[in-house]
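S.K.: Mind having a look at this structure? Questions to follow.
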Number of protein chains: 2
Amino acid sequence: MSQSVQAAPYNELINKAEQAKSAASVMAKMTTAQKNEALRLISAQLIEEQEFILSENAKDLTSGKSNGMNDSLLDRLSLDENRLKDMANALIQVTELEDPVGEVLEKWQQPNELGMTKIRVPLGVVGMIYEARPNVTVDASSLCLKTGNAVVLRGSSTAIHSNKALVQVIHNALKKSDLPIEAVQLIEDTSRETASEMFKLNDYLDVLIPRGGAKLIQTVVANATVPVLETGAGNCHVYIDETADVEMAVSIVINAKTQRPSVCNSCESVLVHKEWAAAHMPELLNALQEKGVQLHGDEETQKFHDNVFPAGEEDWAKEYLGLEIAVKVVESVDEAIAHINQYGTKHSEAIISATNENVEKFIMEIDAAAVYHNASTRFTDGFEFGFGAEIGISTQKLHARGPMGLPALTSTKYIIKGNGQTK
Amino acid sequence: MSQSVQAAPYNELINKAEQAKSAASVMAKMTTAQKNEALRLISAQLIEEQEFILSENAKDLTSGKSNGMNDSLLDRLSLDENRLKDMANALIQVTELEDPVGEVLEKWQQPNELGMTKIRVPLGVVGMIYEARPNVTVDASSLCLKTGNAVVLRGSSTAIHSNKALVQVIHNALKKSDLPIEAVQLIEDTSRETASEMFKLNDYLDVLIPRGGAKLIQTVVANATVPVLETGAGNCHVYIDETADVEMAVSIVINAKTQRPSVCNSCESVLVHKEWAAAHMPELLNALQEKGVQLHGDEETQKFHDNVFPAGEEDWAKEYLGLEIAVKVVESVDEAIAHINQYGTKHSEAIISATNENVEKFIMEIDAAAVYHNASTRFTDGFEFGFGAEIGISTQKLHARGPMGLPALTSTKYIIKGNGQTK
């Protein structure tokens, strides 16, 4: 009697996650030299196949335009020779970074002569969920490969041709290398259902990293059972204390607000001590207005300037991500700290002050990944911190907080050497 | 015209989580001396109020018995003078541990003269979800307070009188200390609905730590959106290589299996190289049987002994947590590694061998929190590792892996000091 054996229907996500998982165990054994060689090959392949990549990217741009995508998104989606050259160079830069895998973090001997060593190991399989920018495809692959991980990429439908082309190019390069090509997987099904399935793929993924807007990140955090490295949302403040140097305070606020308003480390609210406000608020507000910044302020702030929109609860909590700012006059450093700890997103917070006591209080009591004294919040960045790479800026407290360099893509392992110990 | 203002109905979980969150910011400022003094006061209070605690514990034991609770669970639930004394002593031991909060982890200067410091800070609010053992109430409170955190405790209904009594005693002690009594919160509503609500309390809880059986942990991991520190499940293996010393191999397996079979770091499967098996398998199996261990084995193993139950898939994946073991003959270290990476829970794995090449291969390729050479898996424990405390044994790869001491209850913060830098 024969039984009919029915094959399970092909599931792209499960199939590719399985391949990534089995590639991860090969990746963990690759030497730094083997990994760097693969990155160099990918770098060269990007240039070699640039015509193909750009023609595929053009398809995404065409459908983006016909779907009414705005200029800023089209710009993020768009690739050209220079951007490809930048990607290729970035890969070379990653080869120059220290490989964290294998690093001995601790080493000691127990009284019973057990020899204990704690070393860094790859995480395993990293799941990346991201929005339009196709450069994340190459960037994430590069950092995951360097750290001995496999990666499952899930980009957005708007960049699908670009992403497929880039992953094909990466695979072409990996074929010439010692690394398994299965270490880089692109999920081509960009449906929401598949993304939701990926959120709960605990058997295959060791971590999920969402890269994109606040809504994407919130969706992942609220639905994922795979551990998430939460990146992103930054409602950052600059607090100008009573004794702040005027020129310094104004220049830091202008920089933190206007240098690149669309990013997470830009300043969204300024809190001003009432005494400093009484003497210098008009100067600050004028400087902001000259840079085209729309002003929102509490009642006190409105007294100092004609063009201040009334600010309410929603302004204190808002990431404008554009040329708008909320301004509030506070009684003391304590009020500033309380406001920031209530409305901030634990990203980057700054105090401008010449009063040591207030500075120490602020640094101690503010709950954030990065706390600045007399410097701009814009420095919260893996490159500005000297890490040479950045997977994202963590706003959570577990595993990694603040700008994440290569070590954030690693875990640890204890190695214990004995001579028969049972007690 | 008057509007009727309706107060939100009292919600114990939200109310206590809010209190914990506001206590956490006070806790973060407490000095090591203040925290240690509070722990000493709690220690003394436990002894002072022991009659009250034991009479409340008796209520739980009475209802446990009348509900048919088995002896092993009753034993875990039961308190007596000696167990209270142990708890009181453990609190004193925690005062002697180094306070990780404030520790400078990294310090450097950027080329633009920004002074960078990375320090340890408390996590904030720790949510503990645990089963019958009331000692977790005191233990978790002690470790969370020492690390400057607030804690929200959710124990089981079967220990509710004991837990209420212990938290009341802790509060009585905290009243005499500088620490806020709101830093320790017990959720008295032990319904599943409230636990489920706690899983998603991202606005208040920085981490959830489940302590208990595999089912509890799986439920938390599958449902929580708060970051989880996954602890527990251990399907640990001992692999006996061809060149393993016979006496050493047998004594390690006996220790790893029988010393305390109910715990996560005990051995559940033994893999035996075919050559070693040919020479020594009967000796190993006899030794296990003499200790009362029920044997399950593959076909090869069954050939060496009369009392071996056939082992299948489910045996390889099983945590017996009792005097049972699964035994399998393997062709090589590679087969052992593949088996362990397939069925293990990434907890603790051991190789017994005199062949350096195989040992290095095993250590490198096994994906687990702790990998042993010539020692028992039973050493995976915060105290055995010399940490002086243990919050649990992490089997996940983010944040902390393996036995977790006090630093696992901390996060980090970057402090950046400038002189006006904007670039």
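The values are calculated or read from the model by the stated rules, or taken from the named source; none is laboratory data. All values derive from a computational prediction rather than experimental measurement. Positions of Cβ are backbone-derived with ideal geometry, glycine not excepted, and every protein chain shown enters the neighbour counts. All accessible areas refer to the heavy atoms of the entire protein, side chains included, with ligands and DNA or RNA removed. Shrake-Rupley method; radii C 1.70, N 1.55, O 1.52, S 1.80 Å.
S.K.: Regarding B:Glu390, is this residue surrounded by 18 or more Cβ atoms within 10 Å (Cβ to Cβ), closer than 29 Å to B:Ala311 by Cβ, in contact with a strand residue (DSSP E or B) (Cβ under 6 Å, 6 or more places away or on another chain) and more than 7 Å from every other protein chain (Cβ to nearest Cβ)?
M.R.: No; evaluated as a whole, the condition is false for this residue.
S.K.: For region A:344-379, how many residues meet the condition of being of a type in the set (Phe, Trp, Tyr) and over 23 Å from the mean Cα position of the chain (by Cα)?
M.R.: Qualifying residue count, region A:344-379: 1.
S.K.: Where in region A:1-110 are there helices (runs of 4 or more DSSP H), lying wholly inside it, with at least 1 residues that are in contact with a helix residue (DSSP H, G or I) (Cβ under 7 Å, 6 or more places away or on another chain) and closer than 20 Å to A:Asn172 by Cα?
M.R.: Ranges flagged: A:12-27, A:32-48, A:50-66, A:81-96.
S.K.: Same structure, new question: Can you report the number of residues in region A:357-375 which are within 11 Å of chain B (Cβ to nearest Cβ) and open to solvent by 20 Å² or more (accessible area, probe 1.4 Å)? Walk me through it before giving the result.
M.R.: First, pick out the residues of region A:357-375 that are within 11 Å of chain B (Cβ to nearest Cβ): A:359-375.
Next, from what is left, pick out any that are open to solvent by 20 Å² or more (accessible area, probe 1.4 Å): A:360-361, A:364-365, A:367, A:373.
Residues that pass the stated criteria total 6.
S.K.: Answer yes if at least one residue in region B:62-84 is among the charged types (D, E, K, R) and touching a residue at least 60 places away in the same chain (Cβ under 8 Å), and no otherwise.
M.R.: Here is the first cut: in region B:62-84, the ones among the charged types (D, E, K, R) are B:65, B:71, B:75-76, B:80-81, B:83.
Narrowing the set further to residues that are touching a residue at least 60 places away in the same chain (Cβ under 8 Å) leaves none.
The answer is no, given that none of the residues of region B:62-84 is among the charged types (D, E, K, R) and touching a residue at least 60 places away in the same chain (Cβ under 8 Å).
S.K.: Follow-up. Within region B:31-45, is there a residue that is within 14 Å of another protein chain (Cβ to nearest Cβ) and surrounded by 13 or more Cβ atoms within 10 Å (Cβ to Cβ)?
M.R.: The answer is yes, given that some residue of region B:31-45 is within 14 Å of another protein chain (Cβ to nearest Cβ) and surrounded by 13 or more Cβ atoms within 10 Å (Cβ to Cβ).
S.K.: Here's a follow-up. Look through A:Ser269, A:Ser251 and report the one residue that is buried (at least 24 other Cβ atoms within 10 Å of the Cβ) and among the hydroxyl-bearing types (Ser, Thr, Tyr).
M.R.: Result of the check over A:Ser269, A:Ser251: A:Ser269.
S.K.: Being at pLDDT 95 or above and basic (Lys, Arg) is the filter; apply it to region A:119-164 and report the residue that is surrounded by the fewest Cβ atoms within 10 Å (Cβ to Cβ).
M.R.: Among those that are at pLDDT 95 or above and basic (Lys, Arg), it is A:Lys164.
S.K.: Which of (1) under 22 Å from the mean Cα position of the chain (by Cα); (2) more than 30 Å from A:Leu229 (Cβ to Cβ); (3) open to solvent by less than 30 Å² (accessible area, probe 1.4 Å) is the odd one out, the single condition B:Thr190 does not satisfy?
M.R.: Exception for B:Thr190: condition (3).
S.K.: Does B:Val220 fit the bill of being at pLDDT 90 or above, under 25 Å from B:Gly402 (Cβ atoms), surrounded by 20 or more Cβ atoms within 10 Å (Cβ to Cβ) and in contact with a Cys (Cβ under 6 Å, 6 or more places away or on another chain)?
M.R.: Values: at pLDDT 90 or above: yes; under 25 Å from B:Gly402 (Cβ atoms): yes; surrounded by 20 or more Cβ atoms within 10 Å (Cβ to Cβ): yes; in contact with a Cys (Cβ under 6 Å, 6 or more places away or on another chain): no.
Criteria not met by B:Val220.
S.K.: Would you please list the contacts, defined by Cβ atoms under 7 Å and residues six or more apart or on different chains, that run from a residue in region A:410-421 that is more than 7 Å from chain B (Cβ to nearest Cβ) and part of a strand (DSSP E or B) to a residue that is of a type outside the set (Val, Ile, Thr) and buried (at least 23 other Cβ atoms within 10 Å of the Cβ)?
M.R.: Cβ pairs passing all conditions: A:Thr410/A:Pro122; A:Thr410/A:Leu123.
S.K.: Given B:Leu229, B:Leu216, B:Leu208, which one is in contact (Cβ under 8 Å) with a residue 12 or more places away in the chain and away from every other protein chain (no Cβ under 14 Å)?
M.R.: After ruling out the rest, the residue left standing is B:Leu216.
S.K.: Moving on. For region B:313-324, state whether one or more residues are touching a Pro at 6+ places or on another chain (Cβ under 6 Å) and either within 11 Å of chain A (Cβ to nearest Cβ) or not hydrophobic (A, V, I, L, M, F, W, C) (or both).
M.R.: Within region B:313-324, one or more residues are touching a Pro at 6+ places or on another chain (Cβ under 6 Å) and either within 11 Å of chain A (Cβ to nearest Cβ) or not hydrophobic (A, V, I, L, M, F, W, C) (or both).
S.K.: Condition check: away from every other protein chain (no Cβ under 13 Å) and within 24 Å of A:Cys144 (Cβ to Cβ). Does A:Glu197 satisfy that?
M.R.: When the stated conditions are applied, A:Glu197 passes them.
S.K.: I'm told A:Tyr239 meets every condition in (1) open to solvent by less than 10 Å² (accessible area, probe 1.4 Å); (2) in a helix (DSSP H, G or I); (3) among the hydroxyl-bearing types (Ser, Thr, Tyr) except one. Can you identify the failing condition by its number?
M.R.: Among (1) open to solvent by less than 10 Å² (accessible area, probe 1.4 Å); (2) in a helix (DSSP H, G or I); (3) among the hydroxyl-bearing types (Ser, Thr, Tyr), the lone unmet condition for A:Tyr239 is (2).
S.K.: Could you list, in sequence order, the residues of region B:245-260 that are in contact (Cβ under 8 Å) with a residue 24 or more places away in the chain, touching a strand residue (DSSP E or B) at 6+ places or on another chain (Cβ under 8 Å) and assigned to a helix (DSSP H, G or I)?
M.R.: Those that are in contact (Cβ under 8 Å) with a residue 24 or more places away in the chain, touching a strand residue (DSSP E or B) at 6+ places or on another chain (Cβ under 8 Å) and assigned to a helix (DSSP H, G or I): B:Met248, B:Ala249, B:Ile252, B:Val253, B:Ala256, B:Lys257.
S.K.: Here are some conditions: (1) free of Cβ contacts under 8 Å to residues at least 40 places away in the same chain; (2) open to solvent by less than 10 Å² (accessible area, probe 1.4 Å). B:Met198 meets all but one. Which one does it not meet?
M.R.: (1)
S.K.: Is it the case that region B:258-276 has a residue that's facing chain A (nearest Cβ under 10 Å) and either within 19 Å of A:Lys200 (Cα to Cα) or within 24 Å of the chain's Cα centre (by Cα) (or both)? Lay out the reasoning, then the answer.
M.R.: Applying the first criterion (facing chain A (nearest Cβ under 10 Å)) to region B:258-276 yields B:259.
In the following step, the residues that additionally are either within 19 Å of A:Lys200 (Cα to Cα) or within 24 Å of the chain's Cα centre (by Cα) (or both) were identified as B:259.
For region B:258-276, residues facing chain A (nearest Cβ under 10 Å) and either within 19 Å of A:Lys200 (Cα to Cα) or within 24 Å of the chain's Cα centre (by Cα) (or both): present.
S.K.: Out of the residues in region B:57-77 that are open to solvent by less than 30 Å² (accessible area, probe 1.4 Å) and not aliphatic (A, V, I, L, M), which is nearest to B:Ala150 (Cα to Cα)?
M.R.: That would be B:Asn57.
S.K.: Looking for something open to solvent by less than 10 Å² (accessible area, probe 1.4 Å) and of a type outside the set (Asp, Glu) - is there at least one such residue anywhere in region B:109-118?
M.R.: Yes, region B:109-118 has at least one match.
S.K.: A follow-up question, please. Going by the conditions given, is B:Gly382 at pLDDT below 95 and more than 7 Å from chain A (Cβ to nearest Cβ)?
M.R.: Yes; evaluated as a whole, the condition is true for this residue.
S.K.: A follow-up question, please. Which residue pairs have Cβ atoms under 9 Å apart, sit 6 or more places apart or on different chains, and have a first residue in region B:133-160 that is closer than 14 Å to B:Glu188 by Cα and a second that is acidic (Asp, Glu) and open to solvent by less than 10 Å² (accessible area, probe 1.4 Å)?
M.R.: Correct list of pairs: B:Pro134/B:Asp60; B:Thr158/B:Asp60; B:Ala159/B:Asp60; B:Ile160/B:Asp60.
S.K.: Is there a residue being open to solvent by 20 Å² or more (accessible area, probe 1.4 Å) and closer than 16 Å to A:Ile119 by Cα anywhere in region B:315-338?
M.R.: No.
S.K.: Which one of the conditions (1) closer than 30 Å to A:Ala354 by Cα; (2) of a type outside the set (Val, Ile, Thr); (3) free of Cβ contacts under 8 Å to residues at least 40 places away in the same chain does A:Leu271 fail to meet, given that it meets all the rest?
M.R.: Failing condition for A:Leu271: (3).
S.K.: Please verify whether A:Met116 is in a helix (DSSP H, G or I) and either more than 20 Å from the chain's Cα centre (by Cα) or touching a residue at least 40 places away in the same chain (Cβ under 8 Å) (or both), treating the condition exactly as stated.
M.R.: In short, no.
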